[in-house]
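Chemist: Dumping the structure here so I can ask a few things about it.
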Amino acid sequence: MELTELGLDSEFAEQAKRLCASAQRVARVTAVDRGRYIVRNENGEVPAELTGKFLHTAASSVDMPCVGDWVCVEYHDAESHASIHDVVPCRSFLRRKSPGKNIDFQMIAANIDVAFIVQSCHFDFNVRRLERYLVMVNEGHIEPVLLLTKTDLVSAEELQHMLGNIRAAGITARIITLSSMTGEGIDEVKALVVPSKTYCLLGSSGVGKTTLINLLLGKDELETGVVSGTGEGRHTTTRRHLVTLNNGALLIDMPGMRELGILSTGDGLDDSFADIKALAGRCRFADCSHNNEPGCVIRKAIEDGELNPEHYLSYLKLKAESDFNEMSYVDKRKKDKAFGKMVKTVLKHKNK
């Protein structure tokens, strides 16, 4: 396989040429599992580890390689393993707030062209969770496509109601309805994935992501869980990894995410709630809080039934969460820097 088939275009190649030392070569990270890496070049995949220098200079978890990254590596012992020296700047990314109380970023994947956001029609459908996924995808400059799976387990009326709820929330992304049992929508997804482009699957455990990958691969290469009597599949993917489809497209599979904390969304929130942003721009006052000010277009749109109040409340909740986590993150970074300076001062005096 040529590096171009792995997604290395002229822009990435030029960046790698400037960044990698003469003894290093460019490769793509295809799997990450608890700090262990697999990298791939034109000759195949090998395990890799970070150099001590890389670990020492990495300022935060954001600087660590993730699946989809292009990296500068040095091969050892007849290319049986490699050392990762640097990461080529990514073009797009998926990241979230780290699970739990820790206020930090968790990098999920990089250099993705299209994100398939997967929800099951039968047990997993949730518009508010869709909005969270869309904020994450839009923040990372990735094109979203929504996949509603297991349509064979709901009636046509129920499916239309779900589609109506998505559009009522102001979500304009493309939607494809799927069934692995009937084959509905599979050809439509296959037509979307093209060689050398990178795609990913986002969604809860058991919504059919692994089954979809096997259908795209044309064989049961990945293990799927037993489906329960409710139609809910069991979690099977245990690590993030990149696979090559039959037509040469690249697809990142990843475990279901229980927590979708929002942190420092940038334009991702406005892009995901473009309808609210457009309405707010028409308010009489630029600093309108959308509460009691005269000429508030958002309040009028809710009163007239033109804006779904649940959609607006979801926007307010995500914005408040993002603002709070961002302030906490900035405060954490200040404390980390202050602690780092104190350690350097102590070591300096100790060595005198």
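The values are calculated or read from the model by the stated rules, or taken from the named source; none is laboratory data. All of these numbers come straight from a predicted model, not from anything done at the bench. Virtual Cβ from ideal backbone geometry, glycine too; neighbours counted across all protein chains shown.
Chemist: Got a sec? Which of Ala13, Ala27 is out of contact with any Gly (no Cβ under 8 Å at 6 or more places or on another chain), at pLDDT 95 or above and in a helix (DSSP H, G or I)? Break it down stepwise before answering.
Modeler: Working: Ala27 fails: in a helix (DSSP H, G or I).
It is Ala13.
Chemist: Got a number for residues in segment 59-76 being among the charged types (D, E, K, R) and part of a strand (DSSP E or B)?
Modeler: Here the count works out to 1.
Chemist: While we're here: Six or more apart or on different chains, Cβ atoms under 7 Å: show the pairs whose first residue is in segment 184-206 and of a type in the set (Ser, Thr, Tyr) and whose second is in a helix (DSSP H, G or I).
Modeler: Ser196/Thr4; Ser196/Glu5
Chemist: A further question on this structure: Could you grab the pairs with beta carbons closer than 7 Å, sequence gap of 6+ or different chains, first residue in segment 62-80 and without any contact (Cβ under 8 Å) to a residue 60 or more places away in the chain, second one part of a strand (DSSP E or B) and of a type in the set (Phe, Trp, Tyr)?
Modeler: Val62/Phe105; Pro65/Tyr37
Chemist: Before we move on, is Ile112 farther than 22 Å from Asn308 by Cα and at pLDDT 95 or above?
Modeler: Yes.
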